[in-house]
Every structure is written in structure tokens, then in C-alpha cells.
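Participant: Handing you this structure, nothing more for now.
The values are calculated or read from the model by the stated rules, or taken from the named source; none is laboratory data. This one's a predicted model, so the numbers in the text were calculated from it and none came from an experiment. We place every Cβ from the backbone using ideal geometry, glycine too, and count neighbours over all the protein chains shown. These accessible areas exclude ligands, DNA and RNA; they are computed on the full protein's heavy atoms, side chains included. Shrake-Rupley method; radii C 1.70, N 1.55, O 1.52, S 1.80 Å.
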Amino acid sequence: MIVIKRYRLRRLPFQQRDDTIQHIIRSLHEGVVLIDPSGTVLLTNSAVLNIFGLSRDVIGRSARALVRGSALAAPVEEALQGRRAEAEYARGGRAYQVLCSPAGSGALILFLDVTEKSKAEKLRREFSANVSHELKTPLTSILGYAEMLASGMAKPCDVAGFAQNIRREAERLFSLIEDIIMLSELDETETLPATEPVNLAEIVASVAETLQQKAEKYGVALHSETAALWVSGNSSLLHEMLFNIVDNSIKYNRRGGSVTIALRQDGLQVVLEVSDTGIGIPQKHQERVLERFYRVDKSRSKQTGGTGLGLSIVKHIVAVHNGTMDLRSMPDRGTTVTVKLPGQSEQP
Ligand code: ADP
């Protein structure tokens, strides 16, 4: 927001004052149109020309003719009659909030680009709808089994099985809630508030140790090749990131398969690569698996305790560490996830 001290502007000679105002308006990123009481455009800037896709200036043309038949016609008229009005306007794939205010006996129209904000709001709305759906599913199962047990309708031989189902669904609910909380926290984080030197080799060793038992249960061999390589970041987030990637490589694998975690330096970057010999991801799903709640095979993901949020969490953690992420996969051959993070030149 630009604040011009009134007294300073007033002290300027008329021509200079006019030039200053025009210069400010022209350099604004927001689209600005000033119109006189008859509706003729007095002043505008390049942002407006971009919005309307115009190659020539519109000064001297009728603003009414420019907005005729669009959502802007009514609010522009309102402003010319001395009342403030607002409108939402979409053009060229972008969304604008348009503020029309009386200015002297004419009107001032301001275009604010709200495309990113609208997209974020849409995603948030979709996420909330998905969250309710995802939470309801295990809860409905838990209620069903609990009601059977409470009513005494369950055969004694089924009781243990029902209790196990309740436990499995409750665990799913717990993982979902944990992942949703983590994503919500990451949504609030644009950059890391505090960073520390982190030795990725230690993260690799710790994740491999934590997941060793799971790998054995799935009949998957877990290998890691590492050397001490340092990045600047948050160690618990980096642990979560690698855990999710390796956990997937074990879950979406087959008996006798393997997972390899490799760590190497590439110029100024540290490269973390997890490759598996698992079921792979068909091409058409590869772009979408990073989306929240997207799963290739919903039942397999649920069977293995998946929430559909693991890779979205990974994507977020990589982003807050200013890194990049790449996923390559061949159905029936396996998947490789590569994360590149800026390395830390000076080791502690
Ligand atoms: P989930 O909790 O379902 O594992 P993720 O966000 O971690 O959720 O992954 C999304 C989907 O991507 C999974 O459901 C699975 O279909 C697919 N996927 C992820 N990693 C792999 C992998 N290494 N091999 C095969 N499929 C994978």
C-alpha cells in the first residue's frame, strides 16, 4: 500500500503533482482506471491493458462501452452515481476482486488479482469436504462393530475378530488425524522458522531402523548407502519426509522385493533417492499421487494403513526446505523418489 503524505504532494507544483500521481498509478501491479462523470476513461495503467488483453491505451474511450454486458457494468454505474460497489470478475484464467468507488464526481476502479487466494480457498474447501468423508468411514465401521457387540448379536467366535476390526479402524482414524494435523501445520508454514544443521545420514539410519521390522513383515529387503551429508533444516520434518517415502516403498512392494535408500552430493545439492522394486504407479496416476487423499488403489492403501496424505506431506516438507522432488515409476518394475535439497557447505 502506498501512503503519500498529503502535505508533501500539495506543496508540489500542479504539473509535477499530476506527473507524480500518474507515475504511481502506472507503476502499480493492481489495475487502476479513473473515469470522469460522463464515463470517459481519464487515466489507466498497463495492468488494466493486460487484464483486458488490449494493445492500445483506452484513455478517452467510454468505460461503459468497455464493460458493457459484463459483471462490471452495474458496479461501475453505481460508482458513477456516488456509491461504492464491488464485483468478482474472471478473465484470461485469472480472478479479480474489483472495487468501484466514487472519486470526485467520477469514479475509480481498482482490480485486485485474487487468483491464488481463490485457488487456495477452493483447495481448502475440497480438503475440508474430503477430511469429513475420510474421518466418517472408519468411524462408521467402528460404530457398526461396537453396536453388534453391545447388542449381544455377535457370535462368541466373532467377538475377537470384531474387536480387532475396531482396533484397526481406530488406528486408521488416529493416523488420519495425525496426518491432517501435520498438513494443517505445514499449510501455515511458508518457510521454516528455525533451522539447524542436519546430517541426513543420521536420518537415513534412523528411518531404516524404525522401518526394519515392517520391511521384514512384508518380506522386503531394506538397504541403505550413506555418507555424512549435511543440510540446513528441521530434523523431525526431514525424518517424517523420508519415513513416508520409505514406508510407501515397503507397502507397495511384493515379497522378495527390495528398497534402497541412497544419499549423494551433486554440486551444491544433496540428493536423497529411494528406489523400490515394487508394484509401480501407472503413468496416468503419477502426477496425481502427490494430491491429498489420492490413492491408486484405495483398498490396498487402506489395507496397509495408508491415509492418502503421505506424499502430500512429503511435497510440503520438501518445499519448506527449498528443495525439489521427482517421482519416476514403471508399473510392475518399481518406483524411484528423488529429493534434492540445498546442501550446507560448512559442517558443524
Ligand atoms: P498412502 O497413505 O495411501 O500411502 P500416499 O500419499 O503416501 O498415501 O501415496 C499416495 C498413493 O501413491 C498410494 O496410495 C499409492 O497408490 C501410490 N504410491 C506411493 N508410493 C508408491 C510406491 N513407492 N510404489 C507404488 N505406489 C506408490
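Participant: Relative contact order, percent, of the stretch 203-294 when contacts are C-alpha pairs under 8 Å separated by at least 6 residues?
Facilitator: Taking the mean separation of contacting Cα pairs over the length of the stretch 203-294, I get 29 percent.
Participant: I've got another one for you. Note down the nm distance, to one decimal, between modelled labels 7 Å out along Cα→Cβ at residue 81 and at residue 123.
Facilitator: 4.1 nm
Participant: Rounded if a/c is under 1.5, else prolate if a/b is larger than b/c, else oblate: which is the stretch 128-230, with a ≥ b ≥ c the root eigenvalues of its Cα gyration tensor?
Facilitator: oblate
Participant: Right, here's the next one. Taking only protein heavy atoms into account and a 1.4 Å probe, give the accessible area per residue of the stretch 54-162 in Å².
Facilitator: Counting only protein heavy atoms, the per-residue value for the stretch 54-162 is 64 Å².
Participant: Here's a follow-up. Tell me, what is the 1.4 Å probe accessible area of residue 173, in Å² to the nearest 10?
Facilitator: 30 Å²
Participant: A further question on this structure: Compute the relative contact order of the chain as a whole-number percentage, counting only Cα pairs closer than 8 Å that sit 6 or more residues apart in sequence.
Facilitator: 11 percent
Participant: What whole-number value in cubic angstrom gives the convex hull volume per residue for the C-alpha atoms of the stretch 193-348?
Facilitator: Spread over its residues, the Cα hull of the stretch 193-348 gives 104 Å³ apiece.
Participant: Does a label point 7 Å from the Cα of residue 56, set along Cα-to-beta-carbon, have any residues of the stretch 26-40 with amide nitrogen under 17 Å, and which are they?
Facilitator: none
Participant: For the chain, what is the calculated [θ] at 222 nm in deg cm²/dmol (nearest 500), taking -39500 (n - 2.57) for each run of four or more DSSP H residues and dividing by its residue count?
Facilitator: My calculation for the chain gives -15500 deg cm²/dmol from helical runs alone.
Participant: Quick check: the distance between the Cα centres of the stretch 182-236 and the stretch 64-136, to the nearest angstrom?
Facilitator: Here the two parts' Cα centres lie 43 Å apart.
Participant: Heavy atoms only, probe 1.4 Å: what % of the accessible area of the stretch 193-348 goes to carbon and sulfur, would you let me know?
Facilitator: The computed percentage sits at 48.
Participant: List the lysines whose Cα sits under 21 Å from the Cα of residue 251, skipping any in the same chain fewer than 8 residues away.
Facilitator: By straight Cα distance, residue 251 reaches 214, 217, 284, 298, 302, 315.
Participant: If you keep only loop residues by DSSP, which GluC sites (Glu not before Pro) in the stretch 190-276 have at most 15 other Cβ atoms within 10 Å of their Cβ?
Facilitator: The qualifying sites are 190.
Participant: Compare 276, 332 by solvent-accessible area with a 1.4 Å probe and give them largest first, with all protein chains kept in place.
Facilitator: Output order, biggest surface exposure first: 332, 276.
Participant: Would you mind checking which residues have amide H under 5 Å from residue 95's amide H? H placed 1.01 Å from N; only 5 or more apart, or other chain.
Facilitator: So residue 95 has HN proximity to 114, 115.
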